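This report refers to the structure that appears directly beneath it.
The values are calculated or read from the model by the stated rules, or taken from the named source; none is laboratory data. Note that this is a predicted model, so its numbers are computed, not measured. Don't worry about glycine lacking a Cβ; one is built from the backbone with ideal geometry, like all the others, and counts go over all protein chains shown. Side chains are part of the model used for accessible areas, which takes the heavy atoms of the whole protein and leaves out ligands, DNA and RNA. Shrake-Rupley method; radii C 1.70, N 1.55, O 1.52, S 1.80 Å.
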Amino acid sequence: MSVPRIVVAGAHSGVGKTTVTTGIMAALHRRGLRVQGFKVGPDFIDPTFHYAATGRPSHNLDGWMLSRETNLDIFARAIHDSDVAVIEGVMGLFDGKGSPSLAGPLSGSLSGTTAEMAIWLDAAVVLVLDASAMAGSAAAIVHGFDTLVPRLQLAAVVCNKVASDKHYSYLRDAITAYCRPALLGYLPRDASFTIPERHLGLHLASETLTVDRLSRLAEWIESHLDLDHLLQLGARQETPATPPKAARESNSVRIGIARDAAFCFYYHDNLELLRTLGADLIEFSPVADRVLPPDLDGIYLGGGYPELHAEALSANEPMRAAIAEFAASDAPVYAECGGFMYLTKAIVDVSGRSWPMAGIFPTSARMQKRLAKLGYIEVENCEAGGWLSPGECARGHEFRYSVIDPMPETVRRVYKKPAEGYRVRSVLGSYVHLHFLSCPTFAEHFVRDCARWKYK
């Protein structure tokens, strides 16, 4: 199976990667192609745009949280029934945990970067350049990106935010005179395609990307970029297909997944791993539903925006009580970041107003005006009997504007410092968004405990 693979990278953050990526996906999908999307790095928002454009769940790839082999396995399984793979990069092409070594060949210093992932996937890289305030200097930037790491295949360039045809002629003449990568075309300035932002990044696709807007975006991309050439640049030799893993039937547990506007941050492969382990995932809404789904054996509360929906969450007293009662029965509950905040006594907003929550953890989550934590983190158990085996580590990331009040010493700390993770009965709450494939036994033990509770 030969599936063209294209990485859409940026010269830096804010150049319009998500808009360009989504537009390319939508345009190819409109041609009748089965487009599989991917996102490099720990991001839950951009994949919502990929799904809107392709109708297929987008997968996260990450060179720091996951091994090369795991990333390649995710990629191979996801593209087994697709016609083209489009991978959106993270930040700038060479931005990540490290930076490239200028003294020699590729090394671990590229860890977590889009460049590293492009090399692993043997993918053609398209550089999106914010050309709004440059002309001939664009050639120096493109040349530098093309030559910094020789093993990287910088195949093409898209000039974004171009003022006019005349402006593009200056860019085109300079880049074609001095640079090897192909020019796919340019995108004119158009504020109507700008995606609004807030404290955790872009707004979700469901909030901003209407059917009409997506259609116009696809037409805009199709009319300005040479997509036929792009597909040619991304073409690769035959690679073996890897079908999805079959789900086990032995555990047959029902795990409730909180899914609504307040809780929407999940790695698709986390959920797929739970299904592979035999879990039936039942979605419910802590905002809108009054009761939990019947016959649950566990609950997974992901991250999201509980602070934006604190009033509605607080007002839904029956659901808060139902989750507290479920936890009191010693049933397994896993909550991360926003889900953890929901399980505290209260969320205190930036104005100081306190909104009562489920009250499982005897502390409050307080919203800050400034970023409280951002970055990758590795967690290790500091107690026996957790969902990580002794000596095992799992990797994830934190991105939050909240902090918790001091946790009482009577509450067990699950993770070694500096990671925040706590346990009350069979409830594990943490600010860390774990990627389960960094340590699959975490998910295995979670499902195992759900099965034990089911049959106790």
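Asp46 fails exactly one of the following numbered conditions: (1) open to solvent by 20 Å² or more (accessible area, probe 1.4 Å); (2) charged (D, E, K, R); (3) touching a residue at least 24 places away in the same chain (Cβ under 8 Å). What is the number of that condition?
(1)
List the number of the failed condition for Tyr415; all other conditions in (1) crowded, with 23+ Cβ neighbours inside 10 Å; (2) touching a residue at least 60 places away in the same chain (Cβ under 8 Å); (3) of a type outside the set (D, E, K, R) hold.
Only one criterion in (1) crowded, with 23+ Cβ neighbours inside 10 Å; (2) touching a residue at least 60 places away in the same chain (Cβ under 8 Å); (3) of a type outside the set (D, E, K, R) is unmet by Tyr415, namely (2).
Count, please, the residues in the range 1-51 that happen to be part of a loop (DSSP other than H, G, I, E, B) and in contact with a Pro (Cβ under 6 Å, 6 or more places away or on another chain).
The qualifying residues number 0.
Quick grid of which residues meet (1) acidic (Asp, Glu); (2) over 21 Å from Asp62 (Cβ atoms):
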site	(1), (2)
Arg366	no, yes
Lys369	no, yes
Gly375	no, no
Glu398	yes, no
Leu437	no, no
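Output the number of residues of the range 141-155 satisfying the condition of being open to solvent by less than 60 Å² (accessible area, probe 1.4 Å) and either of a type outside the set (Gly, Ala, Ser) or in contact with a helix residue (DSSP H, G or I) (Cβ under 6 Å, 6 or more places away or on another chain) (or both). Spell out the reasoning first.
First, the residues of the range 141-155 that are open to solvent by less than 60 Å² (accessible area, probe 1.4 Å): 141-142, 144-146, 149, 152, 154-155.
So of that shortlist, the ones also either of a type outside the set (Gly, Ala, Ser) or in contact with a helix residue (DSSP H, G or I) (Cβ under 6 Å, 6 or more places away or on another chain) (or both) come out as 141-142, 145-146, 149, 152, 154-155.
Final tally of qualifying residues: 8.
Within the range 394-412, identify whether any single residue is of a type in the set (Ser, Thr, Tyr), surrounded by 19 or more Cβ atoms within 10 Å (Cβ to Cβ), in contact with a Leu (Cβ under 9 Å, 6 or more places away or on another chain) and over 16 Å from Leu313 (Cβ atoms), and answer yes or no.
In the first step, residues of the range 394-412 are kept if they are of a type in the set (Ser, Thr, Tyr); the result is 401-402, 410.
Retained after the next criterion (residues that are surrounded by 19 or more Cβ atoms within 10 Å (Cβ to Cβ)): 402.
Keeping just the survivors that are in contact with a Leu (Cβ under 9 Å, 6 or more places away or on another chain) gives none.
Checked the range 394-412: no residue is of a type in the set (Ser, Thr, Tyr), surrounded by 19 or more Cβ atoms within 10 Å (Cβ to Cβ), in contact with a Leu (Cβ under 9 Å, 6 or more places away or on another chain) and over 16 Å from Leu313 (Cβ atoms).
Yes/no matrix, rows are residues, columns are (1) in a strand (DSSP E or B); (2) closer than 17 Å to Val149 by Cβ; (3) of a type outside the set (Lys, Arg):
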residue	(1), (2), (3)
Arg56	no, no, no
Asn60	yes, no, yes
Leu66	no, no, yes
Asp73	no, no, yes
Ala76	no, no, yes
Ser82	no, no, yes
Val86	yes, no, yes
Val90	yes, yes, yes
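If Pro408 satisfies all but one of (1) touching a Phe, Trp or Tyr at 6+ places or on another chain (Cβ under 8 Å); (2) within 24 Å of Met367 (Cα to Cα), what's the number of the condition it fails?
(1)
Given (1) open to solvent by 10 Å² or more (accessible area, probe 1.4 Å); (2) within 22 Å of Leu274 (Cβ to Cβ); (3) of a type in the set (A, V, I, L, M, F, W, C), where does Leu371 come up short, assuming only one miss?
Tallying (1) open to solvent by 10 Å² or more (accessible area, probe 1.4 Å); (2) within 22 Å of Leu274 (Cβ to Cβ); (3) of a type in the set (A, V, I, L, M, F, W, C), Leu371 fails exactly one: (2).
For the range 342-368, enumerate the residues that are open to solvent by less than 10 Å² (accessible area, probe 1.4 Å) and touching a residue at least 60 places away in the same chain (Cβ under 8 Å).
Hits for the range 342-368 are Tyr342, Leu343, Thr344, Phe361.
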